Amino acid sequence: MTQETGGFAAFNLNPNILAAVIATGYEEPSAIQYQSIPIIMAGQDMIGQAQTGTGKTAAFALPILHCIDPAKREPQALILAPTRELALQVATAFETYAKQMPGVTVVAVYGGAPMGPQLKAIRNGAQIVVATPGRLCDHLRRDEKVLSTVNHLVLDEADEMLKLGFMDDLEVIFKALPATRQTVLFSATLPQSIRAIAERHLRDPQHVKIQTKTQTVTAIEQAHLLVHADQKTSAVLSLLEVEDFDALIMFVRTKQATLDLASALEAKGYKAAALNGDIAQNQRERVIESLKDGRLDIVVATDVAARGLDVPRITHVFNVDMPYDPESYVHRIGRTGRAGREGRALLLVTPRERRMLQVIERVTGQKVAEVRLPDAQAVLDARIKKLTNSLSPLVADAESTHGDLLDRLTADIGCTPRALAAALLRKATNGQALTLAAIEKDRPLVPNNAPRGDRPERTGDRPDRGDRERRAPVPLAEGRARCRTALGARDGIAAKNLLGAILNEGGLAREAIGRIQVRDSFSLVELPEDGLEKLLTKLKDTRVAGKQLKLRRYRED
């Protein structure tokens, strides 16, 4: 199968899986997915050599889900991951792709969480088990038959598992699995230790290797900014205040993200448009022409939609979402710096994507420097500079052409020329804040990306667990209701997990969700009061990290 054969539909996946993939907004498989999915669907063992961020999770999740029998309430697939964080990430991906497969259940098994609920979920028939080796061995000591029905095994980031000392645990797990299973191994590197595992435990494996042919683009100034996933739009708006750009292209991963971000930019007065796979060819051509002739300044695009886009006036590229692989990164930033011109590329990096940033730096051979969000003074200076540049050409002959009108207006209004000039400036800037105090007040929520050593020290004693559980919720904003879920930090839940689940399943805009407070044994989420019961009904089957969300209105007595 080649990349010209027509997207995910060419794999003949279960229609429910294909529908879930389409719903995520992903348009076209990555290289590792094109090569791996047919092999895994055919039931063959496989060794995949690919870096983090190449889309390898979907490369094994989609074909394995295709082979799962929802009617069988027993573990059918085991995915081993080196860390708790990766296990949760993989489990969430499986849940996303299995959304439209009734009866399919995913459980994440990792240390630091109670063993009882994990083992119960497995015994209750979770078909997909995503586990760290150490914790899975703990379960095997309790029930050595727990893996006896598994017929698909995936080792994700096998080299990392060996670096963390899981070799003995892996051997225990191999012995507990049926000999007839299919085994798929993914690793960024293939040292002798990994090859030895493959020789002992894989049967005539197919080899898939994603070659990295990426070369650096030295004419482009590259920088990255650490952000949290739910704060990207605020960060983009802050950066646009101070970046001196002519035309700009922003890359995101999904079709919906192109629409959401373009809409947010238009609301702030930028000339922006979305470009994705659902855009008709004639409309795509109009968008590109508008970008070329200056009717548009910003295009928000997916990788597929931006193919072949060559607009000389593009001075900046914003990677709002991390690309799948280093080669895609270089292709993206290559949209600027054309024909010997200088260009600037900014990459937004969430905490879990730092490893992918290191991969990009290693493959390109170029350091991507870190920058900080502009402070209020930088924003004020940028706004005044833009205002100065717009007014300077008008000053030369203004007095000769409009001097008499100025005299009449000051007389009619009964004000000084200074007061009239200030009023006209207010109108010209459309009420935009032009003082430090006003900018600080209106400044959007942005992430604290300072290193821990730069943050102020805590004062006083930290509250113990009981105090943290009992502390009062913050006051509610008007029009919001507070809801409670029994999922908390001890379940491996973070605010971003709850936010992502509610956004995906509830169909809400990010702005509709208020404060999320994650405690040890429960979490509180602020949701719109209007239509709350309908929303809670919509979310009733939502799962986070393999567990039911079960949001309920929180009564504050």
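The values are calculated or read from the model by the stated rules, or taken from the named source; none is laboratory data. The structure presented is a predicted model; accordingly, all values stated were derived computationally and were not measured. Here Cβ is always computed from backbone atoms with ideal geometry, including for glycine, and neighbour counts include all displayed protein chains.
Quick look at the values:
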item: Hits in the range 500-519 - residues which are in a helix (DSSP H, G or I) and either more than 23 Å from Lys99 (Cβ to Cβ) or without any contact (Cβ under 8 Å) to a residue 24 or more places away in the chain (or both); result: Leu503, Glu511, Ala512
item: Leading residue by the ranking (nearest to Arg490 (Cα to Cα)) among those in the range 112-133 that are touching a helix residue (DSSP H, G or I) at 6+ places or on another chain (Cβ under 7 Å) and surrounded by fewer than 16 Cβ atoms within 10 Å (Cβ to Cβ); result: Gly112
item: Sole exception among (1) of a type in the set (A, V, I, L, M); (2) within 23 Å of the chain's Cα centre (by Cα); (3) crowded, with 22+ Cβ neighbours inside 10 Å for Leu291, by number; result: (2)
item: Which numbered condition Glu285 fails, given (1) in contact with a strand residue (DSSP E or B) (Cβ under 9 Å, 6 or more places away or on another chain); (2) acidic (Asp, Glu); (3) not in a loop (DSSP other than H, G, I, E, B); result: (1)
item: Residue check for Leu309: at pLDDT 80 or above and on the phi < 0 side of the Ramachandran plot; result: no
item: Single condition Val317 does not satisfy, out of (1) part of a loop (DSSP other than H, G, I, E, B); (2) out of contact with any Asp or Glu (no Cβ under 9 Å at 6 or more places or on another chain); (3) surrounded by 21 or more Cβ atoms within 10 Å (Cβ to Cβ); result: (1)
item: Residue that is more than 19 Å from His201 (Cα to Cα) and modelled with pLDDT of 90 or more, where the choices are Val107, Val150; result: Val107
item: Residue in the range 17-38 that is modelled with pLDDT of 90 or more, in a strand (DSSP E or B), crowded, with 17+ Cβ neighbours inside 10 Å and among the β-branched types (Val, Ile, Thr) present; result: no
item: Every residue from the range 520-557 that is without any contact (Cβ under 8 Å) to a residue 24 or more places away in the chain and over 14 Å from Leu498 (Cα atoms); result: Gly531, Glu533, Lys534, Thr537, Arg555, Asp557
item: Filtered residue count, the range 245-273, keeping only those that are of a type in the set (Val, Ile, Thr) and out of contact with any helix residue (DSSP H, G or I) (no Cβ under 9 Å at 6 or more places or on another chain); result: 1
item: Conditions (1) buried (at least 16 other Cβ atoms within 10 Å of the Cβ); (2) assigned to a helix (DSSP H, G or I); (3) small (Gly, Ala, Ser): number failed by Ala305; result: (2)
item: Residue in the range 330-344 that is touching a helix residue (DSSP H, G or I) at 6+ places or on another chain (Cβ under 7 Å) and not β-branched (Val, Ile, Thr) present; result: no
item: Subset tally (residues that are closer than 21 Å to Thr315 by Cα, part of a helix (DSSP H, G or I) and either hydrophobic (A, V, I, L, M, F, W, C) or in contact with a helix residue (DSSP H, G or I) (Cβ under 6 Å, 6 or more places away or on another chain) (or both)) for the range 365-386; result: 3
item: Residue that is nearest to Ile298 (Cα to Cα) [pool: residues in the range 216-240 that are among the charged types (D, E, K, R) and surrounded by fewer than 19 Cβ atoms within 10 Å (Cβ to Cβ)]; result: Glu221
item: Test result for Gly48, in a loop (DSSP other than H, G, I, E, B), closer than 30 Å to Asp169 by Cα, touching a Lys or Arg at 6+ places or on another chain (Cβ under 7 Å) and not charged (D, E, K, R); result: no
item: Hey, Ala489 within 30 Å of Arg372 (Cα to Cα), in contact with a strand residue (DSSP E or B) (Cβ under 9 Å, 6 or more places away or on another chain) and at pLDDT below 85 or not; result: yes
item: Pairs where the first residue, in the range 135-162, is within 14 Å of Thr83 (Cα to Cα) and buried (at least 20 other Cβ atoms within 10 Å of the Cβ) and the second is β-branched (Val, Ile, Thr) and at pLDDT below 90, C-beta under 6 Å, 6+ apart; result: Ala158/Ile194
item: Subset of the range 382-426 [charged (D, E, K, R) and surrounded by 13 or more Cβ atoms within 10 Å (Cβ to Cβ)]; result: Arg383, Lys386
